[in-house]
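J.: One structure is given below, represented as C-alpha cells, and several questions about it will come after.
Bear in mind these aren't lab numbers, they're just calculated from the coordinates by the rules spelled out. Fair warning: this is a prediction, and the values are worked out from it, not measured in the lab. When we count neighbours, we look across all protein chains shown, and the Cβ atoms used for this are built from the backbone with ideal geometry, even at glycine.
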Amino acid sequence: MEKKKFTIDNNMLAANIAKEISLAIFDKITKNAERNKGDYLPSTFDLYNLAFACELFLKIILSENNIKVNRNHKLKTLFDSLNKPIKNTITEIYNSGPTINKNKPNFIEALAKSSNSFIRYRYIYENIDKFFANRKEDTEFLMYFVKALDDYLRITYVPYYAGAKRLFKKR
C-alpha cells in the first residue's frame, strides 16, 4: 500500500473543519470569559481540536513552502521548521491580534509550553494531572495561535480559502 503524501489538496478539508470547530471554540471561550470575568475552562475536546487545527495549519504552510513535513505533533518543532519571514509574519499577526485578557501569553514562551498539546489532550487518560495543570495556559495560547495561523493562510493562500469557503456556506 502506497503511503499518501501530505499535500494541501488532501488536507485542506480537514484543516478547515478543525479551523471552523476551533473558531467556534474561540467564540465560546471568549463569551464565557466575558460572562465569568476572565475565567474560562474549555473541555478536553476543545483543546484537542485547537491543537489539531494548529498542527494542520502549520503542516499546510510547510508543505506549500516545499519544506519537508515530518511525522510530528509538536507545534514548536513544526513552527521552527518554517523560514524566518514566515515565522516573523505569524508572530506579528499573533501579537497584533485581539485578546480577552490584558496580558496575552508571550508567543515564544507559550509555544514552547504548549508545543505538545495535541498529544497531551489526545491521550488525556494517561496523565490527567497534566490536563488540569496546563489547561488555562494552553487555552489562551492555542486560541490566539489558531487565529493567527488562520489569518496568515487567508492572506497568503487566498485561492485555497476561496475553494474551501464553499464547503462552509451557511444553510
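J.: If the chain between residue 24 and residue 106 were fully stretched, how many nm would it gain, using 0.36 nm times the residue separation less the Cα-Cα distance? If you can, show how the numbers build up before the last one.
T.: Working: separation 82, 0.36 × 82 = 29.52 nm, distance 2.34 nm.
Contour length minus Cα-Cα distance gives 27.2 nm.
J.: At 7 Å along the Cα-to-beta-carbon direction for both residue 88 and residue 154, put a label point, then send me their distance in nm to one decimal.
T.: 2.4 nm
J.: May I pose another question? Take the cross-link list 84/113; 31/113; 74/147; 19/59; 104/147 and give me the ones stretching past 23 Å between alpha-carbons.
T.: 31/113
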